Amino acid sequence: MIPEDFSKALLRSARNDAPLDNGKARLLAHVVQTLGGGGAAGAAGVTVAAQAMTTAKVAAALALVAVAAGAGGYALAPAPSKPVERASDVTLASRGPFSTPIGAAPVPGPLVAAAKALETAPVATDMCTPIPEAAPAKCSTAGGHTVTLALRSTCTTTTVDIFWVDFKCQEVFSGVLAPGETWNQETWDSHPFRLRDHATHRLVKEFVAPQVAGAPDREKYLKGPPTELPVVVIREGDAPIAEAPPPECTRGGGRAATLHVRNERKDGGMLALVTVDSKCKESPQVWRVEPGAAFDMPTSEGSAFRIRDASGALLADVLPTSLDTTTYLTVP
Amino acid sequence: MVIDSHYDAVWRFLRRLGLQPVDVEDALQKVFVVFAQRETGVAAGAERSFLFASALRIASDARRKHAASREHLVDTEDLPEQADPAPSVEDTIDDRRLRRWLDDVLDTLSDEHRAVLVLVDLEEQTMADASSVLGIPQGTVASRLRRAREVFEAAASELRARVEKDTR
């Protein structure tokens, strides 16, 4: 029998919907591990390096770890101590573009310079006026090449909604761009976007990201095993390098990769592998590498890291190896 | 604790936004990691709005990746012929079946209409909360909700007619 009030019955049915009980435990374990706890399931040593975090973040991470431990078994675990030997091992000083050599002052990369120039660009008079409404000129198509969009709004008052035009020419909401802000999105040069006035939903702009010379095609990007990045080796006598902002930020467009770090220091103490985010900020997510241990980090070719010692001194910058496909566009 | 208080609601929200069960857990992890990283900046009492806003964005990304992946990997010419989704006469109308139908009806809504309807009519958020979650004025919430309800009612009526015809 169909319920008399079918619509209301449909809505009521959703309120009784519930997840599996054990989902919370898995979620808690994931959050703790991501924020700085080591999984009892044997995840390679993860911990919190307090010297690289703000007080608030330390407090938040420790609070979650404490809660998790109390909830039954997400204890901190040390990093594995088994060293790895690889034919492709190279010393820190000979890694070429992969990292800044020890002792050399890091030089800001083109991505940082371009981003800074963009952020300081003058905001133009608001020209974010609607254009005639029409069906999308182009739908997304399969294939294409990777592009990382950095869409900067030069509108002074208009907030725009960003829509991806999907394979069926339907607009899929992707984000909101406020005046003067920049929106970053990994995409393909075969995917159009439309921008609409946030308040009126009227069309403001339609565009497809231009192809970046040398950008990997979609087939190559999606298929194949992760890229094996060269091994970063930190030796006993390696001196700290000058403290400076990260020379490059994490960027999109890179394939899955594995980063290998080896701590050959016996008495030099643990190393902290610190992730650098897309805004060149060091994140609170820190991975510990014990003396004599090796650490394999699943990551992407576009990720940037820093390696610090136990005192917080900077030992190396690990730079992205993927082609920088960032394309800077402005609205309107 | 935030996970205990909001886990079920965020799970339901992600499901009703169209994420498949297999994708919901990944999305939940992202939502709560974002929250944990920014917890100190979330005002007391605004946790659910913050979680829903994150869930909305993460669900949008997930659906988009799913669509892209399907487009890339699956050729519709190669798909086996789909079975008629209409229920048999023997089927009972339980919650599970209703929820499947609900998802079918919600699939007919645009993403923005779907989000506002799920927030207000399913998760019982106020207009002000929905406005905060979606980052749009309350007037826009109201107009989208009105339109969303119209589309929902029409799709539900159509589904009901189809089900009744098939069970006759």
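Computed from the coordinates by the stated procedures, all read-outs in this text should not be read as laboratory data. Fair warning: this is a prediction, and the values are worked out from it, not measured in the lab. Counting neighbours? That spans all protein chains shown, and the Cβs are built from the backbone with ideal geometry, glycine included.
Shielding by partners for peptide A:301-311, expressed as the average number of C-beta atoms from other protein chains within 10 Å of each residue's C-beta, is 0. Ordered by the number of other Cβ atoms lying within 10 Å of each residue's own Cβ, fewest first, B:Trp101, B:Trp11 fall into the sequence B:Trp101, B:Trp11. Using only the Cα atoms of the range A:126-211, build the gyration tensor, take square roots of its eigenvalues as a ≥ b ≥ c, and label the shape rounded, prolate or oblate: rounded if a/c is under 1.5, else prolate if a/b is larger than b/c, else oblate. In terms of gyration-tensor shape, oblate. Ordering A:Ala316, A:Ala293, A:Val276 by Cα displacement along the dipole of the range A:192-332 toward the positive end leaves A:Val276 in first place; charges were set at the Cβ atoms of Lys, Arg (+1) and Asp, Glu (-1).
The alpha carbon centroids of the range A:126-161 and the range A:283-332 are separated by 31 Å.
Pairs of Cα atoms under 8 Å, at least six residues apart: use those to get the relative contact order of the range A:159-260, whole percent. Relative contact order comes out at 22 percent. Take the Cα radius of gyration of the range A:244-325 and divide it by 2.2 N^0.38 Å, N being the number of residues; the result is 1.07. For the Cα trace of the range A:172-278, dividing Rg by the Kirkwood Rh returns an Rg/Rh value of 1.11. Look at the stretch B:29-39: the mean tally of other chain Cβ atoms within 10 Å of its residues' Cβ atoms is 5.
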